[in-house]
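Just below is one structure, and these are the notes that go with it.
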Amino acid sequence: MQLWKLAASCGALMLTAGAGATIEDDLSSVLPFGPRVTGSAANEQARSYFEAQFRAMGYTTRRDVFTYPRFDDLGSDVRLGTRTLTGRALEGSTGGAVTGRIVRIPGVGTAENFRAVNVQGGVAVVQRGQLPFLDKVKNALAAGAAGVIVVNTEAKELQGRLGERVPLPALAVTSVAGAALQEGQQVSLNVRVRDGEVQGVNVVAFKSGLIRPDILFGGHMDSVFRAPGANDNLSGTVAVLDLARRAVNTPLAARSYFVLFDGEEDGLRGSRKFVQDNPGVVQNLKAMFNFDMVGVDASPLNVSGEARLVELARQTAQLSGSARDQGGSDQVPFAQAGVPTLFFHRGLDVNYHQPSDTLADPQLIRATVDAALTTADAALTPVPASR
């Protein structure tokens, strides 16, 4: 099995253009850009690469631009002597730098737990679990803490949301970092955040003149902060591009939109905006196929969605599937708008949303494209009238 991984240097980023390029070329070209967070330079570099590929094959492309509010961590940490422990600001917390003693909070951070210790002016360290982040942070604020650190139950980065603004610097750290924070130690808590508008950009590729496609193939191009996103979701993006390559000289190309959505990781922003702004396209669709995390075999390739499409995938591509949609990805807004959808997915691997998401298998992506083409052909073939 050949795996492509993040290269040490960018090298030649535009290896081969258009129909002559391969999945391997796409992975080795785009991964070196780094995490493709919506609004980032890496996100724009990747978008430009994919646009060039579509155009070299003869497709027309357009950019659908949209904006939405987003909370960003600009690089938060806690400093313990000469040691710096990185973390993620809890969405909704206030930015700021505070210095104080560590106060370990017993239990899970209830009001009673905070009353059991003196956290006035200190930095509260509380374990994740049982109680919402918002309650833990509000209890810390009410007890007089200058800041709060929530410790994850795993040795993984924690991306948490408070759900509302709280005037207290609040940071989440891994279980390993949390273990280093001992009672009474002096620390500097630095929470650096930005709360404002971000610009997302969907890329739509199609044959010139096509305004009412029968099928839409989609996948999200963005990744999360610090994660290069090889599997989530460069694998799905590349699957959409390879579908366009293999369809380019067939009737399927004249019936298809190929869409790379932005802002999926921020709440399906791009796909929701597409559905909202393109009612004529959406109402005409016979199917929407979505691809998310198809480059690592965490589990065998699975489909879920509209019952007829799932059955066609079972019969023609021998895939397992469920008529119940099992993923919160970009097919959801289309399904909610009444479009028959089919979601292609290989499960959550251990590198999901981690800096280690640097691997994707071209053969697994290729096999996904094979299955999608077979299923799409069946889905678009007219059913013979009964006699």
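The values are calculated or read from the model by the stated rules, or taken from the named source; none is laboratory data. None of the values given here were measured: they were computed from a predicted structure. FYI the Cβ positions are ideal-geometry reconstructions off the backbone, even for glycines, and counts take in every protein chain you see. We work out accessible area using only protein heavy atoms, side chains counted, and drop any ligands, DNA or RNA first. Shrake-Rupley method; radii C 1.70, N 1.55, O 1.52, S 1.80 Å.
Numbers for the structure displayed
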{"item": "Of all residues in segment 202-212 being in contact with a Ser or Thr (Cβ under 9 Å, 6 or more places away or on another chain) and surrounded by fewer than 21 Cβ atoms within 10 Å (Cβ to Cβ), the one that is nearest to F50 (Cα to Cα)", "result": "K207"}
{"item": "Residue check, V98 surrounded by 17 or more Cβ atoms within 10 Å (Cβ to Cβ), closer than 11 Å to L171 by Cα and of a type in the set (A, V, I, L, M)", "result": "no"}
{"item": "Scope segment 262-273; condition in contact with a Phe, Trp or Tyr (Cβ under 7 Å, 6 or more places away or on another chain) and either farther than 26 Å from A42 by Cα or open to solvent by less than 40 Å² (accessible area, probe 1.4 Å) (or both); matching residues", "result": "G263, G270, S271"}
{"item": "Qualifying residue in segment 87-95 (condition: open to solvent by 30 Å² or more (accessible area, probe 1.4 Å), over 18 Å from A177 (Cα atoms) and assigned to a strand (DSSP E or B))", "result": "yes"}
{"item": "Subset of segment 37-54 (residues that are buried (at least 17 other Cβ atoms within 10 Å of the Cβ) and assigned to a helix (DSSP H, G or I))", "result": "A42, N43, Q45, A46, R47, Y49, F50, E51, Q53, F54"}
{"item": "Where a residue in segment 296-312 is without any contact (Cβ under 8 Å) to a residue 40 or more places away in the chain and its partner, wherever it lies, is buried (at least 21 other Cβ atoms within 10 Å of the Cβ) and assigned to a loop (DSSP other than H, G, I, E, B), with Cβ under 9 Å and at least six apart", "result": "E306/V339; V310/L319"}
{"item": "Hits in segment 276-295 - residues which are in contact with a helix residue (DSSP H, G or I) (Cβ under 9 Å, 6 or more places away or on another chain) and either surrounded by fewer than 18 Cβ atoms within 10 Å (Cβ to Cβ) or more than 12 Å from G218 (Cα to Cα) (or both)", "result": "Q276, V281, V282, L285, K286, M293, V294, G295"}
{"item": "Residue match in segment 49-60 (condition: of a type in the set (S, T, Y) and under 19 Å from T174 (Cα atoms))", "result": "no"}
{"item": "Given (1) of a type in the set (A, V, I, L, M, F, W, C); (2) under 30 Å from A52 (Cβ atoms); (3) open to solvent by less than 10 Å² (accessible area, probe 1.4 Å), index of the condition V187 fails", "result": "(2)"}
{"item": "Criterion violated by D242 - all others in (1) part of a loop (DSSP other than H, G, I, E, B); (2) open to solvent by less than 20 Å² (accessible area, probe 1.4 Å) satisfied", "result": "(1)"}
{"item": "Filter result for the condition that a residue is surrounded by 14 or more Cβ atoms within 10 Å (Cβ to Cβ) and basic (K, R), over R70, R83", "result": "R70"}
{"item": "Selected residue (only one of L359, L301, L348 is buried (at least 20 other Cβ atoms within 10 Å of the Cβ) and either among the hydrophobic types (A, V, I, L, M, F, W, C) or closer than 25 Å to R226 by Cα (or both))", "result": "L301"}
{"item": "Lone unmet requirement of (1) open to solvent by 10 Å² or more (accessible area, probe 1.4 Å); (2) in a loop (DSSP other than H, G, I, E, B); (3) under 30 Å from G122 (Cβ atoms) for D195", "result": "(2)"}
